[in-house]
Structures are given as C-alpha cells and as structure tokens.
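Contents: one structure, followed by commentary.
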RNA sequence: GGGCGUAUAGCUCAGCUGGGAGAGCACAUGCCUUACAAGCAUGGGGUCAUCGGUUCGAGCCCGGUUACGCCCACCA
C-alpha cells in the first residue's frame, strides 16, 4: 500500500512529475473542433542569459491560466519559444569572444561569428527551457519556436516585402540614434533617457561685420563645427534686425546666416539657437525647411571629423573640454550655467547616443498605428488592469517612423539587394537572379549587409509561431490568441508592434487581452539587476523551497499590475502551506487505508447519499462549492492573487483546521457506516481542492492525486463544477449549525486561554439559550436547542474545545456562581471555573463589551431611523443592518444581565 | 515639460461594482492533542498619509496638499 512520505519534499517528486507530463504529451494541444481553443503565446525570453525572477512571475501567471483552462476542457495551447535578441546577443557573444580569445567579431568574419552565436543559442536556449521545466511550465514543447527559425524567418521576409510593396517601408537618409559602442543605429524605443548634470555654455557668435554678434546657449559646444546657421523666432524683437544677416563661428571664422524659424522659443536660453542639422533632431528639421547643408563633425565612432580641424580624431567629449578652453581663452565664452540635461543612452550598453545622419530602413508608422489605436478604443483589445491602455495609446499616438535596420550580423538579414550596375534596389522574397531594371546578373546584386531590429520579428510572434504566412490548421484554430501576459516595461517595445503587425496582415488584433504585471524587486524595493548583483535566481529558490512554493508566493504578491518585492524568507510560508496540504492528504490516505483495498481509494464516486451526510459534511461540501465558484470568477477577471488567497484559506482554515478536526471523532469511532461516509467526503473534497489548487501548485497536487487511484492524471482531469449544494436549503441549514458550533468552540478555547486554565483539563460548560431561541417546534425548548446545534454538535464541542459535559440551563438562577461567560448569538455560554474565575477581570471585560455594543446599537439605530438611509439604501442592505441591530441589542441585553448577575461577586 | 502609481497592523502586502478593516511574517501566552513544531490554540496591535467635498453612509468616489517611486519627452 502506498503511503505519502512523512515530510513534504518537493525535490523527491517535482522532476519526476514533470518528466511524466512531458513524456505523456500532457502539454500538447490537439486541434479539436469539439473543444474551444485557448491560446497563450509565450513572450519569448532572450537567449542572452537565464531566466530571472521576473520571468518566473510571467511564466507562472501564464501557466496558471493555461492549466486552469485545460482543466475546464479547452484545447489549451501555451506556445513556448525564445528570442534571438539581435543586439543583446551579439554583444554578449562578442564580449565572450574578446575575453576568452582576444578576438573581435571582425577577426572571425561574419559567417564564423554567426556560427559562434548559433552555438551560444544552443547552450543558453537549452538552459532557459530547462529552467522553465523546473518552474513547471505546461507549455507545448512540440510547438517550440525560435525567432530565427525557418518559419519565423519566412514570416519576417514576407512581412517586410509586403510593407515595402505597400510603400510602408522605405530607405532613406535621416537623423537616427546611433550607439558608437554597439556600432549600430537604434530605434527610439531603444534609447533610454537619463537626467545628467551638465552645463549650458553661452557663446558669442560675432557679427560678420565685426559687431558684438549674437550669444547662444548650448549644452554641446563640440557640435559647433557643424553649425550652419543661427535661428531666431520671427516674433522675437531682439533679433528682428538680424534676420538675413550673418555671423561668424567663433575662432573658426566660418560665416553662417541668421535665419527665422518657428522652432526657437524666445523664452528659452537667449532666444537664438545654433543649428547643427547633422547632430540634433530639431536642427535637422530646421535644416530641411531651409535647405541647409548637413556637415558632420562627429563620426560613427564618436570621434571628431576633419570638420573639426585640429580636433580631428579626438573623442567627442575630450574635444568638448578642449574646445571650451579655447573659446574661453579667445573671449567668446560669455557665461556658463549648471543645468540637468536629459540625455539619451543606449539601452544595451549605456553609451550616450549620438544623433547621426545615416541611410537606414524605416517603417512608416502613421498608417500602421491608426488601426492599432482604434482597436483599443473600440474594445477589441483590452488591457488588464485598464490603466495600461494609456501607456499603449500614448506610445502609438506619439510614434514616429521606426528605424528597423541595424548594423549588426546576428538577426534577420534585410531582404534587399542593390544592383551594382544601375543602383536599383530590389526587395524580394528570394534572392533575385537578375536586376529587373538593367538585367545585370546575380553576381553584381549585393544583399544589404544590415539585419533587422529584433522587435521586427517579435512583432510577428503571435502568428508567425502558428505558421503564418502559410494558412495552417494551427493558425486557423488557435489564432487570434486569448491573452498576452507581459510586464509593463515592454508594452511599447513589443505589444504595440504585435498589434499593428497583426492588424496589417490578419486584420484583427493578435490577442483579446493584454494581462500586465509588474516587476519583481529585491527586498529593499530595488530593481533586480546584474550590476547591483541583487538578482535572485528562481532555481535557487526552487532548490530550497520547491517550485510550487515559489509559484504560490509570486502569485500571492502579484496583484493588479503592481511591483512586488521578493523576500526569500517569505517563501517559507507558502512552502509551509504546501507541507500542510501534504500532511492533510497523508492523514486522509491513512484513514482510507484501513481495511480497504487500494483500488477503492477513489471513493469520490461513492454516492453521497444526502441522508447519510452529517452537518459538517454538508457544510464543507457547500463551502468548497462556493469558494470554487468565486475562484472561477476571480480567474476570469484575472484576479489571480485573490484566487490564490481564497484557495489558501479554504484549504488551511476550512478543510484542515475545521473539517478534518470535526471528523476525527467519527474516524476514530465505532460507527463503520459513518466512517465510510466521512471518508468519502474527505476524499471527495480533497479531490476538489487538488483540482482548484492545481493551476497554482501543479507538482504537489499531481503527486498527491497519484495516490488517490484516479483513472487519469490531474493535469488532464477537470475543473470543479457546481452541483447545487450552495442553493440547497438543507445544506444551508447544516452550515449555519456548524458555524454556531465553531462559535462555541472558539468561545470555550478563548475562555480557557484567558483564564489560564490548563490545556489538558476537560471543562464542563453550561449553555443558557435565549428564551424561545430556535424553538417553534411542538416539542418545546429542548428540541429547539438541539435544532440550533444539531445532533453531532455535542461531540464536536467536546472534542475540539476539550469539554467534558455540556449542560443546558433554563435561567440564570440555575447557574453556579463561579462561571466565566461568553455572549453568543442566541445563547450565553458559561464555563464554571471555580477559583479560576477572576470576577474583576470579568466585570472589566463586560463593561468594555457593553460600551462597544452601546455604541453599535446607537450607530445602527440612528442609521435605521434615518429616512435617508431606509429610503435610499438597497433593501438587502437595510435588512442586514436591521439584523445587525437586533443582534447587537440582543447581545447588549445579555451583557447587562450578566453584569447584574455578577455585580456582587 | 507631460502622464501614472503608491501611502492600510512593527515588516511585506490584500481589500471585488461605496454598507464599521484582513492575511502572512513578527510579537505575547499556553500546548511534544495519535496528519503536520515546516505544527495547534488564544491574544495584543490600525484617527486606512493629510485637508476639503459628494453621499443616509467613504479605506474605496471627486478635488487640493505632502512624501516616495515609475514611465514618457527632440527644447538651445
């Protein structure tokens, strides 16, 4: 006979359970016309490294949703994969190459370098999927994808060509963000802004005719070498006379015009702005408007060009210092001002980005963004929590053309060829055989060296992974997907791109819901990062406490898109919860084991004949059903942490602390029939609890389930469905009786603890029922009293509260003098404690209680006398308040009576 | 310069569409009760940041203030 081990040891079974699922294909989603599909496409982790705690949260949320829907009978597909992460991976591999072999990627050459990256991908990609297995991810590994696999590559090329053919992709020379360290262009999203301490240098540009000239402020004096004009506002009276005249670049002596443009703001700086089209986005636009030249004084390595004269070859910042010195000496520096400068930095390496003019490929955003904005506004795309829609819309409304070419090797090569003879650009799905314009042969057609922004391919992820551009069965069945789970930090990087890409080729959003979660921070609330070294490895936590405990902890703390702190010690409590369930199950199994064949352990199917059920059985069945309904509702609303909490309470409080305790007298008793019934209920309820908990704690639930001799595995079983217990008046009445019993037990325990009565000593109790309380039956008070408590109540109270005898008294007069009392609904409970009774303390307690109840009755009375309340509040609320008042008045009367009774003691 | 979030028990945080505040940890007391000391029982502890408004009624809705945090942004 199988027994659960004495201690919960997740290491013992988590791997085994996972291997079993995988081996049996339990994660595989079959297309089934009889079932509804449920699809989540996993945000592909970068192959740059390993999963961190944020991934663990992200993955757990997705796994909960997937497992839950799978239990509900959906064809649930969670499609996994990894991202090639063009720039990030290339940097990592190049770093490794430099450190280990002292080689640059150029030393290796493109082909050889790419081989190395593919090797890296094998190692790190495998490491990531291994971590996902440890977490318990129930994703369909048979459908695993990679953003650079054949199918995804095909999708990227197809998408590129289509956009190009529609005129939505163009090649042009424009001002882009350039990272001198990574040696590539960047999209706007890849630039992070940071406020740095800097200066404004006020520099005088003398008039060409030898006059005083114009003073301008600049934070970047080193760009002066590429100045082509001074711009002023046409409405700025100070400079009206200057328009059309010229000034000289100080020291350099080059003559530049003063032009009028709408860009300068008279309120800012000196009102006059130096114009450097090649190194500033605003100036670039001004330059375009006025047809100005675009001299370049900083090159792609952030060094000064020949334009800077003697500074040629100098680093841009070194040049700045030297140049300011020279200007100062020459008397052109008017003043300086300390100021914070918002500075753009490369999101990968932190280098200050240099705006550069460069020929790049761009996606025209305006036409693509519009439908994506509409989809959200029409509600075809829902954000949870809703406030994140603002971030999404804001980004789309502000969006500018997207620079998609990168001067890198690792990524999707741009499907464009240039004809060496006539210069024609050919964009095609496959390498062209000849130039369509001049007919030149293949040998002179050169493919663009650049690769695409990594987000270009991830934007296609929800459908490229399902087979697009082919019209596959998977695509037809599983697309559009149901929900996208992601952190708020990549909404604009990624979510918007998936939406407009999908709208472009599929004419519908790629998912119904974007479920947004927050970041996992360290114990001090700081972002976990490599540089701080404060990251916690999920695997480390799993090794210590188990994957289930980690998952439950993450879920519990991940409410409503907010950030959460990861506190290692607190994972202990969820591990302890798992241990609790483990032991409760062990207890149930031990009791089932007695004298029964192993094959009969699954007593769930035993008909639960209502007549044979006791109050506590009905109560727990009803409670579980209610909570199951609530949990289902919470999951539908993506309130995962609320659901987690409810299941926790149900298992811990109701099942373990109450039901199992209530049932022990029967299990240890002589009544075999009753024993059988409660065993059936124990197993039945345990089964439902395991079903409810499985999405959250998949391992332990599957492991325990395996001891229940069920016909199938839990992962493929079903979600609990209501059977009408909650609505059954018989079950409801039984539940009320159990709640009363619990009240009495708690009251006795309280009295015992407060009075310091020995734990082991059995105490008698006396119950003074309210006059007429619970009666109404012809048999008189006695029957009414029994009805209030139920047949099994006495045994329950005796067992759980350490009570010897339960006496019923009719009046205060029948009581012994030395009791401690508790005022309960419909009764006063007395515990005779003889010399242990502290009447002074008792009076104090009662006085306090009287005060509280007096306040409460006044408050409620006032409320109910207020016509505004009775007229306007919903009837149900008024009824509740009336009942509360009645209860409070009743309790108050009893308190006063009790006070009177012990006044002389 | 815009936008957003958070402020609730000593700590970390819940609190669903407004009807007198909860959990975990910590703390105190008593228990080796035959599933569990990774446990059981009991208890103490909160003018729900602040000011004002709406309402019969506000932790929750509205406005102001303060503190901390985040995001976006091409201002010399």
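Throughout, read-outs are computed from the coordinates displayed, never taken from laboratory work. Note that the structure is predicted; figures quoted are calculated from it, not measured. Ideal geometry is used to build each Cβ from the backbone, glycine not excepted, and the neighbour counts take in all protein chains shown.
Once you have the Cα-Cα distance between residue A:795 and residue A:718, take 0.36 nm times their residue separation minus that, and quote the gain in nm to one decimal.
Additional length available on full extension: 24.1 nm.
Tell me the label-point distance for the pair residue A:611, residue A:101, using the 7 Å Cα-to-Cβ offset, in nm and rounded to one decimal.
Reported label-point gap for residue A:611 and residue A:101 is 8.3 nm.
Residues of region A:117-152 with amide nitrogen under 20 Å from the 7 Å Cα-to-Cβ point of residue A:568?
It comes to A:135, nothing else.
Residue A:154 to residue A:36: FRET efficiency via 1/(1 + (r/R0)^6), r the Cβ-Cβ distance, R0 35 Å, to the nearest 0.05?
So the FRET efficiency works out to roughly 0.75.
Gain in length, residue A:590 to residue A:896, computed as 0.36 nm per residue apart minus the alpha-carbon separation, to one decimal in nm? Intermediate results must be reported in sequence, preceding the final value.
Details: separation 306, 0.36 × 306 = 110.16 nm, distance 4.98 nm.
Contour length minus the Cα-Cα distance gives 105.2 nm.
Using a ≥ b ≥ c from the Cα gyration tensor of region A:647-718 (square roots of the eigenvalues), is it rounded, prolate or oblate, where a/c under 1.5 gives rounded and otherwise the larger of a/b and b/c decides, a/b for prolate?
Here region A:647-718 falls in the oblate category.
For a Förster distance of 60 Å, can you work out the FRET efficiency between the beta-carbons of residue A:329 and residue A:470, rounded to the nearest 0.05?
Once rounded, the FRET efficiency stands at 0.30.
Give the shape of region A:443-528 as rounded, prolate or oblate, defined through the alpha-carbon gyration tensor: a ≥ b ≥ c are the square roots of its eigenvalues, a/c under 1.5 means rounded, and otherwise the shape is prolate if a/b is larger than b/c and oblate if not.
Judged from the Cα gyration tensor, region A:443-528 comes out oblate (a/c at least 1.5, b/c at or above a/b).
Ranked by Cβ crowding within 10 angstrom, fewest neighbours first, how are A:162, A:622 ordered? If you can, show how the numbers build up before the last one.
Details: A:162 15, A:622 22.
Final ranking by Cβ density, sparse to dense: A:162, A:622.
Run the numbers for residue A:653 and residue A:322: contour at 0.36 nm per residue of separation, minus the present Cα-Cα distance, in nm.
Result for the pair: 111.8 nm of gain on full extension.
Measure out, as a whole number of angstrom, how far apart the alpha-carbon centroids of region A:851-869 and region A:453-486 sit.
So the separation of the two Cα centres works out to 60 Å.
Rounded to the nearest 500, what is the 222 nm mean residue ellipticity of chain A from helices alone, with -39500 (n - 2.57) per DSSP H run of 4+ residues and division by all residues?
-13500 deg cm²/dmol
Which shape class, rounded, prolate or oblate, goes with region A:780-905 when its Cα gyration tensor gives a ≥ b ≥ c as root eigenvalues, a/c under 1.5 marks rounded, and past that a/b bigger than b/c marks prolate?
Oblate, since a/c reaches 1.5 and b/c is not below a/b.
Among bridges DSSP assigns within chain A, what percent are antiparallel (round to 5)?
That works out to approximately 70 percent antiparallel.
Please report how far the C-alpha centroid of region A:629-656 lies from that of region A:44-112, rounded to the nearest whole angstrom.
Between the Cα centre of region A:629-656 and that of region A:44-112, the gap is 32 Å.
Give me the angle, in degrees from 0 to 90, between the Cα long axis of helix A:547-556 and the longest principal axis of the Cα atoms of chain A, rounded to the nearest 10.
90 degrees
Pop a pseudo-label 7 angstrom from the Cα along the beta-carbon direction at both residue A:341 and residue A:818 and give the gap in nm to one decimal.
For residue A:341 paired with residue A:818, the spin-label model returns 8.8 nm.
P(r) of chain A in 20 Å steps, Cα pairs, percent per bin?
Here the calculated profile for chain A is 12, 32, 28, 18, 10, 1, 0.
Can you figure out the FRET efficiency of residue A:122 with residue A:446, using R₀ = 22 Å and their beta-carbon distance, to the nearest 0.05? Let's see the in-between values first.
Values: r = 31 Å, r/R0 = 1.39.
Result of the calculation: an efficiency of 0.10.
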